[in-house]
Every structure is written in C-alpha cells, then in structure tokens.
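Here's the structure, in structure tokens; my notes come after.
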C-alpha cells in the first residue's frame, strides 16, 4: 500500500494529540534547530534523538509534518510551516536527581554470558539515562550542562533537559508503513491520516530485509532476550557459548524496552540500547527504533495489525 501526500492531506480533519504543544497562549515562534526538533517530537513527528543539528532525520520529520498538514512539502522550515508549527514554553526544564535514578545505573559487561547473569539491563551511566529519558543524544545533554562531572553527581543535584513528555497516539491506529529507502516508520488511521512518524534502522543485508505485507503477532513491554548461539554464531564462537541463555529486561537489553513480534519468524520491531544510532546504523534483520518511539508504537498497535514494508 503506497500512501501519497495528497491522500494523507485529504484525510486530515483536525488531527491533534491531546498533549499538543503547537497551540496555546504561551506558543511562540521556533528559534533554532533544537527547538524545531523538540516541537516536532511533541506532536508525534520524531526526528530521532534531539541533538540540535539539522540532518536527514529532522528533514524527514519535517516533511511528514508538512504532508500531514497539507503544507508545501519543502523539507525546510519555511514561512508556511513556521506559521503553523510553534513551540510552547517551557522548552527546557530543570530535573532534580532522585535516589531511584542512581539505582537505575549499572554498566553493561562486555561479555555476553556475563550479561545473562544480571538481574536487569540497567542504563550504563547517569548521562545515558538522562539523555534517553529526555529523548536526546547524550552529547546534546552534556552541552546543555557545561561544567558538570556526570561521574560525581548525587541525589538532589539538578540537570537541564528539554521538556518533552512521552507522545501517545490518541486516535485508533489501523496500519504501519515502513519505507526502507527513507528509513522511516509511520502509523496511519483507517482513513489514512498520519498519526505518528519516526526513524527506523533496517537490516544491513538486503536479503534480510522483508518486504510486502506483514502482521503484528505479539506485543511485549519490557521483554527479555534469548541469546541463541545458532543465530549469533560469530559472537558465540568468539566467547565459547554453546547453549541458549536469557538476558533480562531493561533499557540496555539487546531489543530495548519493547518487542513487537511479526508473523515472520524471528523478526520484530523493537527498541535499542543505542537510540542515537537509529536510522544511522543497520540491524541484523529486525526493525529498530529508539526506546521512546518503540513505546509510542507499542501503545498504538494491536495484534494482527498490518505492516506494509515498501522499498
């Protein structure tokens, strides 16, 4: 199924998420790339990890926004787009670190077998945790907090982050569209309204990339991961692993915090331990999203939902 810009624009009757930040008394003009990325992510057009740098993923999110709103598809933040897409204050907030933040940290072992002995795949560092929970690249969070030594922070310390609540699709989703060439994933309603957009990583090998119509078979929040030496043969040989074992859930689980299994054996849409690399690096075969976008998708999909994978 191929979705045209004209078709999406035709079926756009006042589509808004309940947490829409683009309107209101405190809305103002967007200033700079970071604010543009934040504004797009707030209304469900994710540019991937917020990093303040203009690139292909920001352009793709902007094109999706323009398409869905019937704007000229320039791919640039032009006058027409700026008139409609604004940003509400606060753009940035101060986060006070809590005891449970530090309890969520635990560096991931290099050895896979050692990972299987952990009770949970926690965040590697405080910076990684704050960045992921703020939908940001760690380098961008570090730049917002100059002078902070992230290894010496304590309970009660404060850090500056974008104000970016989790986006949730408020309308009934009917199908997913994945475009391999553009490395994008989009969610549509039954009448072809674009409800959500985000970048996706695809398989490294062309022959491992599925195409055509797939279906959602299972949806799992906080999945574990089975290390299978018959599949990860090179890693198994290198580390001398001969038996399957389970890696427990957590943000640094190999499939992140979400598994949406497909009707193609061993294939799924899932999260990742490295969200800043989504759409920039390739996977072994599955479709990989940033954990926060995977959570949005998990909330929107249902079993047997069709997924149309296009070239």
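The values are calculated or read from the model by the stated rules, or taken from the named source; none is laboratory data. Keep in mind that what you see is a predicted model, and the values were worked out from it rather than measured. Cβ placement follows ideal geometry from the backbone for every residue including glycine, while neighbour counts extend to all protein chains displayed.
Observations on the structure shown:
- Within the range 157-167, tally of residues that are in contact with a strand residue (DSSP E or B) (Cβ under 8 Å, 6 or more places away or on another chain) and assigned to a loop (DSSP other than H, G, I, E, B): 4
- Check on residue 229, in contact with a helix residue (DSSP H, G or I) (Cβ under 9 Å, 6 or more places away or on another chain), surrounded by 13 or more Cβ atoms within 10 Å (Cβ to Cβ) and modelled with pLDDT under 95: yes
- Residue match in the range 91-107 (condition: surrounded by fewer than 19 Cβ atoms within 10 Å (Cβ to Cβ) and modelled with pLDDT under 95): yes
- The conditions of being part of a helix (DSSP H, G or I), at pLDDT 95 or above and farther than 13 Å from residue 214 by Cβ are not met by residue 272.
- Considered as a group, the residues in the range 44-55 that are surrounded by fewer than 24 Cβ atoms within 10 Å (Cβ to Cβ) and touching a residue at least 60 places away in the same chain (Cβ under 8 Å) include one that is nearest to residue 85 (Cα to Cα), and that residue is 52.
- Pairs where the first residue, in the range 256-282, is on the phi < 0 side of the Ramachandran plot and surrounded by fewer than 23 Cβ atoms within 10 Å (Cβ to Cβ) and the second is part of a strand (DSSP E or B) and at pLDDT below 95, C-beta under 9 Å, 6+ apart: 282/203
- Test for residue 170: is it in a loop (DSSP other than H, G, I, E, B) and under 18 Å from the mean Cα position of the chain (by Cα): yes
- The helices (runs of 4 or more DSSP H) found entirely in the range 53-105 that carry 3 or more residues being touching a strand residue (DSSP E or B) at 6+ places or on another chain (Cβ under 8 Å) and within 30 Å of residue 123 (Cα to Cα) are 56-68.
- Scanning the range 242-255 for residues that are over 17 Å from the mean Cα position of the chain (by Cα) and without any contact (Cβ under 8 Å) to a residue 60 or more places away in the chain, we see that the one that is nearest to residue 214 (Cα to Cα) is 244.
- Filter pass, residue 77 being touching a residue at least 12 places away in the same chain (Cβ under 8 Å), closer than 30 Å to residue 194 by Cα and crowded, with 19+ Cβ neighbours inside 10 Å: yes
- Enumeration of residues in the range 118-150 that are outside any helix (DSSP H, G or I), more than 17 Å from the chain's Cα centre (by Cα) and at pLDDT 95 or above: 118, 119, 120, 121, 122, 124, 125, 145, 146, 148, 149, 150
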